[in-house]
Amino acid sequence: MGGAPAGLEARSLVKRFGATTAVDGIDIAVRPGEFFTVLGPSGCGKTTFLRLVAGILAPDGGSIRIGAADLTQAPIWARNIGLVFQNYALFPHMTVAQNVGFGLAMRRVPRADRGPRIARALETVRLDGYGGRRPSELSGGQQQRVALARAIVIEPDLLLLDEPLSNLDARLREDMRSELADLKHRLGITTILVTHDIHEAFSLSDRVAVMRAGRVEQVGAPTELYELPANRFVAGFLGPVNEWTGRVGAIADGTAEVEFAGLRSCRVPALAGWRGGDEATVILRPERLGLTAASAAGEGAVVGRIDQVAHLGNLVNYRVAAGGRALLAQAPAGRTGRFALGDRVAVAWDDADLAPVAP
Amino acid sequence: MISGAAGRSALGIRLGGSVWLFLGPALLLMLAAYLAPLFDTTIVSLHPNRPTGIDRDSWTIANYLRLLDTYYGEVLLRTLRVSLLITLFSVLLAYPVGVWLAGLGPRGQAWAILVYMSPWFVNAVVKSFGWTLILGNRGLVNRGLQSLGLIDSPLRLMLNETGIVIGLLPGHFLFVLLPLWAALKGLDGNLRWAAMTLGARPWQVFLRVTVPLTLPALLAGAIINFTMNMAAFAAPALLGGTRTRVLSFIAYQVNLEELNWPFGGALAVAMLVVTLGFVMVAQGLTRGGLGGGRR
Ligand SMILES: Nc1ncnc2c1ncn2[C@@H]1O[C@H](COP(=O)(O)OP(=O)(O)OP(=O)(O)O)[C@@H](O)[C@H]1O
Ligand SMILES: [Mg+2]
């Protein structure tokens, strides 16, 4: 306890609620000290997974190990896990200090040692001096931080965060996000964050697992997932994509020539199982699609017309009708190279930015 | 948590102006139907009773001095003892029953509440008569225990304070159970899990989270329960018998059989003062931190 950080290993976890299988055979290994995020759409089983790890729910199958110990059957209070609930779940009848000290009292930490540890935890979440307040006298962001202090003061083997930022307004969320990023470095506790927010997941995590309908679709570092999504679901969930389906031509040295109706043919790394004549899908992120004025179009460029423009402040999103497709492009909002609705443009891309995806 | 202050302003009631127009009739009705008779009773209790009737021309505190007679002292003590005993039993039963109830499914809860309400479906006199069939010397309980060979002579289960407690407890328990049940159901279920992940065993969750957050509701129920016990009339009269009278029955006798309204008034005022005293002490306890000082 409280020594070297522990890892988590969940094997073939299954949890059913009547006819629905909320968690359908999850294998996740979190490394010691890692900040790991489970990312997925609403209802995919993220909270259920977290509750299985915490011991609030008993699995219908599979095992959970934290560090060297098999905790599959261990009662909640014996797991030494810090859990931050989506609604914070602070004890309304206790002061902030009493809330934070609750776990210490349960662990029979001597009274004299509790005070300094509570003070240090509150300092860590930048709430020094708030110990005497009641939760009802705090803002949402402050309550959030009390919940965090309450979870870390016990020096848990594992810190679980269930959508900790989703109840905060946009600015506060940004603040808390950078605070969490700081904490992560200072504390070094193995942490599992559950969220449906890609920015949250990517900015905080060492690795991310993308979930769909109770299953893990892919695990990897944020850039890995973004650049090489395992399938169309992961690609689409991590942001807007251009998704082109064409036909495989020649394959040589693991590189396939793929023909797309209306576009030029491209050379992409072949997926295992691709044969000549097969259907193949590749993706291209909008920010990798270059736009130039049609007059300056180079050899092999595809020319089209801009039919949608959306300014995001620092970025501009374009939709281009070209080759019978709707192509998405994103560009920095500079003074130069801006296009207007109806402009004729040439689109270009580097084949190295294309990623083949399984259906 | 935050809903306290927000809730108040959300109601948006400013006392003044048209509000009195709506409150007026209700206030007048209360004044006429409740406070006026009470005031009159108090005045009457300060007049002497003569064979010719109430002597409204002279004033006296003799009626109150008569209360100091040991007989009335005993009756008052008995009334308090029985009332507090019923409240104590109700409070002791409240958490086990309430926690069990709150854990049932919706249908189970509806049926269980119906069962706990059932004492009120029967008239108090009929109900008390029913109890005599069960509690009497040749009643169900005593004959059952005798046929099992557990007792030789019948237990005295009625015509004493035991009878009053047994007769009132089932019906009056409801008033402790209902508020507590509502409070238990209103608890955020995550508080329980939060406490457990922090290392609390189930009994620690109960003592440190569940009880502090629901105690105000329990105490509110206990206060209602206590006042109902103090005021109960029919069941104590029938199950307590002639030697075990409670204050409300004495007041009935003095007022309606002896027609001694001045002394009956003094009895009523004394009962009111004692009951209110206990209620205020109990409320003081709630506010004074037993409930964890919720705001
Ligand atoms: N106690 C329960 N009883 C029945 N079904 C449940 C229960 N808890 C969750 N489910 C179901 O299991 C599935 C997964 O739920 P879960 O709460 O884990 O989703 P989630 O990924 O956390 O979603 P969100 O992002 O909306 O919080 C859902 O279909 C949900 O309806
Ligand atoms: Mg959830």
| When the residues of region B:129-186 are filtered to those that are in contact (Cβ under 8 Å) with a residue 40 or more places away in the chain and more than 23 Å from residue B:224 (Cβ to Cβ), which remaining residue is surrounded by the most Cβ atoms within 10 Å (Cβ to Cβ)? | B:158
| task | Starting from region A:155-167, keep only residues that are more than 16 Å from residue A:142 (Cα to Cα), then list their pairs with residues that are among the small types (Gly, Ala, Ser) and within 13 Å of ligand 1 (Cβ to nearest atom) whose Cβ atoms are within a distance under 7 Å, requiring at least 6 positions of separation or different chains. | result | A:160/A:54
| Only listed residue being surrounded by 19 or more Cβ atoms within 10 Å (Cβ to Cβ), acidic (Asp, Glu) and under 23 Å from residue A:89 (Cα atoms), chosen from A:157, A:169, A:197, A:175 | A:157
| said: Taking the conditions exactly as written (within 24 Å of the chain's Cα centre (by Cα), within 16 Å of ligand 2 (Cβ to nearest atom) and modelled with pLDDT of 95 or more), does residue A:37 satisfy them or not? | reply: yes
| query | Does region A:212-233 contain any residue that is in contact with a Phe, Trp or Tyr (Cβ under 8 Å, 6 or more places away or on another chain), in a loop (DSSP other than H, G, I, E, B) and surrounded by 15 or more Cβ atoms within 10 Å (Cβ to Cβ)? | reply | no
| message | Which pairs turn up if I take residues in region A:168-185 that are part of a helix (DSSP H, G or I) and look for partners that are at pLDDT below 80 with beta carbon separation below 8 Å, at least 6 apart in sequence or on another chain? | response | A:176/A:168
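When you check residue A:48 against the structure, is it hydroxyl-bearing (Ser, Thr, Tyr), surrounded by 17 or more Cβ atoms within 10 Å (Cβ to Cβ) and closer than 30 Å to residue A:225 by Cα, yes or no? Explain how you work it out, then say what you get.
Details: hydroxyl-bearing (Ser, Thr, Tyr): yes; surrounded by 17 or more Cβ atoms within 10 Å (Cβ to Cβ): yes; closer than 30 Å to residue A:225 by Cα: yes.
Spelling it out, residue A:48 is indeed hydroxyl-bearing (Ser, Thr, Tyr), surrounded by 17 or more Cβ atoms within 10 Å (Cβ to Cβ) and closer than 30 Å to residue A:225 by Cα.
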| said: Quick check on my filter: what residues within region B:171-186 are under 19 Å from residue A:92 (Cα atoms) and out of contact with any helix residue (DSSP H, G or I) (no Cβ under 6 Å at 6 or more places or on another chain)? | reply: B:182, B:186
| Considering only region A:150-167, how many residues are within 16 Å of ligand 2 (Cβ to nearest atom) and either in a helix (DSSP H, G or I) or at negative phi (or both)? | 7
| note | Of those in region A:163-186 that are touching a strand residue (DSSP E or B) at 6+ places or on another chain (Cβ under 8 Å) and within 14 Å of chain B (Cβ to nearest Cβ), the residue farthest from ligand 1 (Cβ to nearest atom) is A:164
| request: Considering only region A:288-313, state which residues are surrounded by fewer than 16 Cβ atoms within 10 Å (Cβ to Cβ), farther than 20 Å from residue A:350 by Cβ and in contact with a strand residue (DSSP E or B) (Cβ under 7 Å, 6 or more places away or on another chain). | output: A:305, A:307, A:308, A:309, A:310
| Of the residues in region A:247-264, how many are acidic (Asp, Glu) and part of a loop (DSSP other than H, G, I, E, B)? | 1
| said: So, residue B:85, is that one part of a helix (DSSP H, G or I), touching a residue at least 60 places away in the same chain (Cβ under 8 Å), touching a helix residue (DSSP H, G or I) at 6+ places or on another chain (Cβ under 9 Å) and over 15 Å from residue B:174 (Cα atoms) or not? | reply: yes
| Looking at this structure, is residue A:212 within 16 Å of ligand 2 (Cβ to nearest atom), basic (Lys, Arg) and over 21 Å from residue A:71 (Cβ atoms)? | yes
| request: Inspect all residues belonging to region A:132-139 and state whether any of them is away from chain B (no Cβ under 12 Å), touching a Leu at 6+ places or on another chain (Cβ under 6 Å) and not hydroxyl-bearing (Ser, Thr, Tyr). | output: no
| said: Return the pair list, or none, for Cβ contacts closer than 9 Å from residues in region B:22-48 that are over 17 Å from residue B:268 (Cβ atoms) and of a type in the set (A, V, I, L, M) to residues that are at pLDDT below 90 and in a helix (DSSP H, G or I), at least 6 apart or on different chains. | reply: B:27/B:20
| remark: Counting only residues that are part of a loop (DSSP other than H, G, I, E, B), more than 10 Å from ligand 1 (Cβ to nearest atom) and touching a residue at least 40 places away in the same chain (Cβ under 8 Å), region A:43-67 contains a total of 3
| Restricting attention to region A:15-42, which residues are aliphatic (A, V, I, L, M), more than 10 Å from ligand 1 (Cβ to nearest atom), surrounded by fewer than 23 Cβ atoms within 10 Å (Cβ to Cβ) and in contact (Cβ under 8 Å) with a residue 60 or more places away in the chain? | A:28
| field | Selected residue [within 14 Å of chain B (Cβ to nearest Cβ), of a type in the set (Gly, Ala, Ser) and on the phi > 0 side of the Ramachandran plot] from A:62, A:55, A:45 | value | A:55
| Any hit, region A:70-80, residues being near ligand 1 (Cβ under 10 Å from one of its atoms), at pLDDT below 95 and either outside the structural domain of residue A:163 (by TED's automatic domain parsing) or outside any helix (DSSP H, G or I) (or both) | no
| Can you tell me which residue in region A:181-194 is nearest to ligand 2 (Cβ to nearest atom), limited to those that are closer than 25 Å to residue A:234 by Cβ and crowded, with 21+ Cβ neighbours inside 10 Å? | A:194
| task | Can you tell me which residue within region A:95-114, out of those that are touching a residue at least 40 places away in the same chain (Cβ under 8 Å) and within 8 Å of another protein chain (Cβ to nearest Cβ), is surrounded by the most Cβ atoms within 10 Å (Cβ to Cβ)? | result | A:103
| message | If I filter region B:82-93 for residues that are hydrophobic (A, V, I, L, M, F, W, C) and more than 17 Å from residue B:224 (Cα to Cα), do I get at least one hit? | response | no
| task | State all residues of region B:187-208 that are at the interface with another protein chain (Cβ under 9 Å from one of its Cβ atoms), outside any helix (DSSP H, G or I) and surrounded by fewer than 20 Cβ atoms within 10 Å (Cβ to Cβ); if no residue qualifies, say none. | result | B:188, B:201
| task | Could you check, for region A:322-330, whether at least one of its residues is over 16 Å from residue A:245 (Cα atoms) and assigned by TED's automatic domain parsing to the domain that holds residue A:265? | result | yes
| request: Filter region A:55-77 for residues that are hydrophobic (A, V, I, L, M, F, W, C) and away from ligand 2 (no atom under 13 Å from the Cβ) and give the result. | output: A:58, A:64, A:66, A:68, A:69, A:71, A:74, A:76, A:77
| query | For region A:5-34, what are the residues that are of a type in the set (Lys, Arg) and over 17 Å from the mean Cα position of the chain (by Cα)? | reply | A:11, A:15, A:16
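The values are calculated or read from the model by the stated rules, or taken from the named source; none is laboratory data. Keep in mind it's a predicted model, so treat the numbers as computed, not measured. FYI the Cβ positions are ideal-geometry reconstructions off the backbone, even for glycines, and counts take in every protein chain you see.
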